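Worksheet for the structure shown next.
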Amino acid sequence: MKKNIVVAASGSGSNFKALIDAVQNGTLDAKISGLIASREDIGAATFARQAGIPVYVLKSTTGETAPLLGDQLLEALEKFKADLFVLAGFLRKIPDEVVEAYRDRILNIHPSLLPRYGGKGFFGIRVHQAVLNAGETKSGCTIHLVNEAYDEGRVLAQKVVEVLPADEPADLAARVLREEHKLYAPTIQQYLESLTD
Ligand code: GAR
């Protein structure tokens, strides 16, 4: 039986698209059973619809009567029968009750060499800006398990990327993203193979 992967995304969805491609070309032996999208109109939701993957759109969590993020994630993961929960540019912190319910079953990709440039406030282009401000000569991407502490779970894979003297944040982001696309699917495949049930 193929394992079900549920992906969550907040943005353009290029990592999600790379996972769809990896399933289609057989390098990732799993089924993407659903996408959890932060909004209806994000790029990732378009990729999902094109690939016939069902989308669960999160409702706003602001306001007193608004549904909680954790409740919505748990509902979606249940609905899509998730074996593995994969964050692909999902920019909200995963609530503790979800981490607890899917312990060691949640993976994240982050555009720096963790533990450097991770944690609250370090997402997307801000990470690359901080790396350049610090004068680093190397950056990269990290795939890790998600635990209760932001970006601190066990590292599963990393890829180092050169920082070039003339880099603007967008240049570094693009170079790192290309490596993210190559690293995520094989790391997920390897992790799935390591699971015993
Ligand atoms: C990726 O670079 C991913 O590593 C980053 O957001 C981008 C999403 O791009 N994630 C984080 O910063 C998480 N803290 P995508 O929507 O094109 O896949």
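The values are calculated or read from the model by the stated rules, or taken from the named source; none is laboratory data. Since the model is a prediction, treat every value here as computed from it, not as a measurement. When we count neighbours, we look across all protein chains shown, and the Cβ atoms used for this are built from the backbone with ideal geometry, even at glycine. Accessible surface areas use protein heavy atoms only, side chains included; no ligands, DNA or RNA. Shrake-Rupley method; radii C 1.70, N 1.55, O 1.52, S 1.80 Å.
Stokes-Einstein D for the range 91-197 at 20 °C, 1.002 mPa s, Kirkwood Rh over Cα pairs, in µm²/s? After rounding, the answer is 149 µm²/s. Summarising the amide proton neighbourhood of residue 147: residues at separation of 5 or more, or on other chains, whose placed amide H is nearer than 5 Å comprise 152, 153.
For the range 101-107, the Karplus equation 6.51 cos²θ - 1.76 cosθ + 1.60, evaluated at θ = phi - 60°, returns couplings of 6, 10, 3, 6, 10, 10, 10 Hz by residue, with Gly and Pro reported as x. Scanning the chain for long hydrophobic helices, with DSSP H runs required to stretch 30 angstrom or more by C-alpha along their axis and to average at least 1.0 on the Kyte-Doolittle scale, returns nothing.
Note on surface exposure: 14, 194 rank 194, 14 by accessible area, highest first, 1.4 Å probe.
Proximity of backbone amide H atoms, modeled 1.01 Å from N, is registered between residue 87 and 8, 107, 108, 109 at under 5 Å, excluding neighbours fewer than 5 places apart on the same chain. Taking every protein chain into account, the 1.4 Å probe leaves residue 126 with about 130 Å² of accessible area, to the nearest ten. In the context of the full set of protein chains, the range 87-132 has a per residue accessible area of 47 Å² (1.4 Å probe).
Straight-line cross-link reach from residue 3 at under 13 Å between alpha-carbon atoms covers these aspartates and glutamates, not counting any fewer than eight positions away in the same chain: 29, 83, 193, 197. Each residue, residue 40 and residue 96, gets one label point 7 Å from its Cα in the Cβ direction; the gap between the two is 3.5 nm. Just the protein heavy atoms count here, and of the accessible area of the chain at 1.4 Å, carbon and sulfur take up 52 percent.
Given 2/182; 81/138; 79/138; 59/182; 31/120, which pairs have Cα atoms separated by over 29 Å? Long pairs (Cα-Cα over 29 Å): 81/138; 79/138; 59/182; 31/120. Ordered from highest to lowest accessible area with the whole protein assembly present and a 1.4 Å probe, 150, 117, 184 read as 150, 117, 184.
So what's the back-of-envelope 222 nm ellipticity for the chain, counting only DSSP H runs of four-plus at -39500 (n - 2.57) apiece and dividing by all residues, rounded to 500?
Numbers: 6 runs with 71 residues, N = 197.
Taking each H run of at least 4 residues, the total per residue is -11000 deg cm²/dmol.
Cα centroid separation, the range 10-54 to the range 67-143: 16 Å.
A crude spin-label estimate for the pair residue 50 and residue 195, with each label 7 Å from Cα along the Cβ direction, gives 2.7 nm.
Using a ≥ b ≥ c from the Cα gyration tensor of the range 39-100 (square roots of the eigenvalues), is it rounded, prolate or oblate, where a/c under 1.5 gives rounded and otherwise the larger of a/b and b/c decides, a/b for prolate?
Since a/c reaches 1.5 but b/c is at least a/b, the shape of the range 39-100 is classed as oblate.
FRET efficiency for the residue 25 to residue 174 pair, using the beta carbon distance and R₀ = 25 Å, is estimated at 0.65.
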